[in-house]
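All remarks here apply to the structure that follows.
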Amino acid sequence: MQNIIELRNVNVIYEGERIPALYNITLDIMRGEFVAVIGPNGAGKTTLLETINGLLQCTSGIVKVFGKDVKKYGNEIRKRIGYVIQNFEIDPLDPFIAKDVAMMGRIGRLGLLRFPKSDDWKIVLDNLKILGVDALADRAIGKLSGGEFQKILIARALSQEPEILLLDEPLSNLDLDSRKRLCELLSDLHESRGLTTIMVSHDISYIPEICSRVIVLDKGRIVCEGGKEEVATLECVSRMLHKGVKHV
């Protein structure tokens, strides 16, 4: 398998902070892997995704995606990465409609100077349909529930036609049945589209079965990793259950 994401001795220290948000992270992710990242609040999970995506520059170390240095080729790399952010707050008065939000992902792939064509709208609407929210395409996002808007954001990422999909708590704001269905859908999309997927979660119980590896972060460090069932029984995870990593 081809190495698609490479981190070497990566440290991230936010301005004004002394303790690293990520500490000495060395990590390889292969093309086609489905990797889950778990850990308590403040473990560095979102920081890891933003560092891979080049939205956040590491303080030291090397981050390469598609074999290229993210610091030098960040804009080019981000066109090939779909990113679903965590806890996007909705303004109830926001008149922006759902299909336009999803189109933003398509524009991220095409570039700001290219006006969307009919084929682009078809890709967007097809992805809204796959997520089961095509009936909401013309609804203002301020009128959507948190779960509905979460699905719009996933459709936006998919409309970018990414090679890498980064999912930051994609199951938040969803009820139990919706979580199960979305896990199944993410597994199907991962396989059918040949994606490399990294999914952040607080709940190891809802990591899709297709997941090949679970990485456990705590205080900015990788404390253990392995298969889902293996990691669920490890002492490092048991120690963190009281800090926010759920296991039902």
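The values are calculated or read from the model by the stated rules, or taken from the named source; none is laboratory data. Model, not experiment: these values are computed from the prediction. Heads up, the Cβs are rebuilt from the backbone with ideal geometry, glycines too, and the neighbour counts pull from every protein chain shown.
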Next item on the list: Please go through region 182-218 and pick out each residue that is more than 22 Å from R80 (Cβ to Cβ) and exposed (fewer than 14 other Cβ atoms within 10 Å of the Cβ).
Entry: E184, S205, E209
Next item on the list: Give me the pairs, please: first residue somewhere in region 100-112 and under 14 Å from R80 (Cα atoms), second residue anywhere and among the hydrophobic types (A, V, I, L, M, F, W, C) and surrounded by fewer than 17 Cβ atoms within 10 Å (Cβ to Cβ), beta-carbon distance under 9 Å, and either six or more positions apart or on two chains.
Entry: R106/W121
Note to self: I'd like to check something: does region 148-159 contain any residue that is exposed (fewer than 14 other Cβ atoms within 10 Å of the Cβ) and either farther than 17 Å from N53 by Cβ or touching a helix residue (DSSP H, G or I) at 6+ places or on another chain (Cβ under 6 Å) (or both)?
What the structure shows: no
Margin query: Among the residues that make up region 207-226, is at least one of them at pLDDT below 95, hydroxyl-bearing (S, T, Y) and within 15 Å of the chain's Cα centre (by Cα)?
Written below: no
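From the list G111, G67, G39, pick out the single residue that is in the same structural domain as S205 (by TED's automatic domain parsing) and either over 26 Å from P208 (Cα atoms) or at pLDDT 95 or above (or both).
Numbers: G111 fails: in the same structural domain as S205 (by TED's automatic domain parsing); G39 fails: either over 26 Å from P208 (Cα atoms) or at pLDDT 95 or above (or both).
Testing whether each residue is in the same structural domain as S205 (by TED's automatic domain parsing) and either over 26 Å from P208 (Cα atoms) or at pLDDT 95 or above (or both) leaves just G67.
Could you list all residues from region 12-33 that are over 20 Å from I77 (Cβ atoms) and in contact (Cβ under 8 Å) with a residue 24 or more places away in the chain?
Our first condition is that a residue be over 20 Å from I77 (Cβ atoms); within region 12-33, this holds for 13-21, 23-24.
Across region 12-33, the qualifying residues are I13, I19, P20, A21, Y23, N24.
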Check: What residue, among those in region 173-210 that are in a helix (DSSP H, G or I) and among the aliphatic types (A, V, I, L, M), is nearest to G39 (Cα to Cα)?
Finding: I204
Note to self: Going through L158, L167 one at a time, which residue ends up being under 12 Å from V84 (Cβ atoms), part of a strand (DSSP E or B) and at pLDDT 95 or above?
What the structure shows: L167
Check: So, of the residues in region 170-193 that are under 14 Å from the mean Cα position of the chain (by Cα) and polar (S, T, N, Q), which turns out to be modelled with the highest pLDDT?
Finding: S187
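Every residue in region 109-133 that is of a type outside the set (V, I, T) and either part of a loop (DSSP other than H, G, I, E, B) or surrounded by fewer than 11 Cβ atoms within 10 Å (Cβ to Cβ) (or both), please. It would help to see each step written out before you state the result.
First, the residues of region 109-133 that are of a type outside the set (V, I, T): 109-122, 125-129, 131-132.
G111, L112, L113, R114, F115, P116, K117, S118, D119, K122, L131, G132 - these are the residues of region 109-133 that are of a type outside the set (V, I, T) and either part of a loop (DSSP other than H, G, I, E, B) or surrounded by fewer than 11 Cβ atoms within 10 Å (Cβ to Cβ) (or both).
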Next item on the list: Mind listing whichever residues of region 134-178 are touching a Pro at 6+ places or on another chain (Cβ under 9 Å) and either in the same structural domain as A36 (by TED's automatic domain parsing) or farther than 16 Å from V124 by Cβ (or both)?
Entry: A140, G142, K143, Q150
